[in-house]
Amino acid sequence: RKIRRASEIYLNPKLETLSSLAKKYRANIYPSVDELLKSQDGHEMDGAIICTPHSTHFNIAVQLIQEGKRRFDESSQAGHRPMNILIEKPITTNVGQARELHRLILERSEAEKCASAGLIGGGVGCFQINHSANFRPQAKAAREIVESGKLGEIQHVSASFSSPLSWIFDDPAMVPWNEPDPKDSEMLGNGFAWGQQSHLVSWIYHVVGKDLEPDRVFCGMTHSEKTGADVSHSSTVLCKNGAVLSLSGTSLLPGNAHSDPPVGKRVEIKIYGSKGSLVYAGDDQDSSSGKLEWLRGEDEDENKIGAAEVLCPNLGFEFEELEQDGDGTRSLQAMIRSCLGEEYYAGADSLVGLRSVQIIDAMYRSHASGNCEYVR
């Protein structure tokens, strides 16, 4: 009898042809981004979602950013049509490319914000990465309490991310998940770190902000005997301000995230500051399994020191948005609001994307060398 792969059983993508999709959504098909941008559709488009293979993210994003700049330069600077971009994670798997995208976004923002200060996003539209967990109210609440100074100076982060996804990383057919992209000479490996741990790193950097600039990384990994993909890791990240991040992750959690009923991913994040700490942990398929807690480390009332206050008490624990129905993820809704010229929540900007790529790239290099590696 024929033995079916787990990917065939659980993913079941039911892919439609381009012509079928074009008819279904009444959309035109273009063979390249360049031809799209030259068309009437391209002139009228408010934004784009980049959901192509990792190695193609950079070139497409640069074309779209340049289109936004061209529109601004050729307009009267008032009321021009911004180009909004939502890009799949990771932003790239190449540090140099991630740095360049971040530079282009900063350059575009600086050039336009003075003339277009009244427009959302400085008149440039949004540039967001689709780390859907970052757009949830719990992430926003965690970021706000860090920004308020109630935790003091962030000195340590301890975090783990476990997913029941061995069936992906053990399947030789899942080449894009398990093998380095041959078009990216700097990509030393592929697997859980690029595929899953990027969610955890981006959430942490969205919450703690830009103060914890990574400097060095030491990491060890284990790999699938069937595919060579990394399936677990443990890393220490030393930051330039002296803070230390302890990050671990694995796909070896028993079960399947796409079974019926699904087995949830387990996430635990602890952020420690000089005045208090934050704890956010749970099963992402069971909101009652956890909560976002602020533990006071400093208070005028000594009896409150160490006491826990639950933030977003009506929401419990939620991480990635995996629902297929409804109006889409909050990350997508943020992009749509930006296209409409409305205020939107910036859950994962180009700096968050850069930090994630820097750390994961250094993790792979550290495992390969057996040494602590400087972040590029």
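The values are calculated or read from the model by the stated rules, or taken from the named source; none is laboratory data. Computed from a prediction, not measured in an experiment: that's the story for all the values here. Please note: Cβ atoms are built from the backbone with ideal geometry, for glycine as well, and neighbour counts cover all protein chains shown. Note: areas computed on protein heavy atoms with side chains; ligands, DNA, RNA excluded. Shrake-Rupley method; radii C 1.70, N 1.55, O 1.52, S 1.80 Å.
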Exercise for the section: For the chain, report the translational diffusion coefficient in µm²/s to the nearest whole number, using Stokes-Einstein at 10 °C, 1.306 mPa s, and a Kirkwood Rh over Cα pairs. Expected result: 72
Handout entry: Antiparallel bridge percentage (DSSP; both residues within the chain; nearest 5)
Key = 75
Exercise for the section: Pop a pseudo-label 7 angstrom from the Cα along the beta-carbon direction at both ASP73 and SER369 and give the gap in nm to one decimal. Expected result: 3.9
Handout entry: Neighbourhood charge, 13 Å Cβ-Cβ cut-off, centred on GLU67 and excluding it, Lys, Arg +1 and Asp, Glu -1
Key = -1
Exercise for the section: Work out which helices of the chain, taken as complete DSSP H runs, extend at least 20 Å along their axis over the Cα atoms and score a mean Kyte-Doolittle of 0.0 or more, then list them. Expected result: 350-369
Problem - Net charge of Cβ neighbours under 12 Å - reference ARG81; Lys, Arg +1; Asp, Glu -1 - result: -2
Exercise for the section: Could you let me know the centre-to-centre spacing of the range 189-217 and the range 353-370, using Cα atoms, in angstrom? Expected result: 9
Handout entry: the range 249-376 - percent relative contact order, Cα under 8 Å, separation 6 or more
Key = 13
Exercise for the section: Leaving out ligands and nucleic acids, note down the accessible area per residue over the chain with a 1.4 angstrom probe, in whole Å². Expected result: 49
Exercise for the section: Give the carbon-plus-sulfur fraction of the accessible surface of the chain in %, rounded to a whole number; probe 1.4 Å, heavy atoms of protein chains only. Expected result: 49
Problem - Proximal charge balance of CYS339 [Cβ under 11 Å; K/R count +1, D/E count -1] - result: 0
Handout entry: Highest-first arrangement of 129-139, 150-160, where packing means the average Cβ count within 10 Å
Key = 129-139, 150-160
Problem - the chain: relative contact order as a whole-number percent, Cα under 8 Å and 6+ apart - result: 20
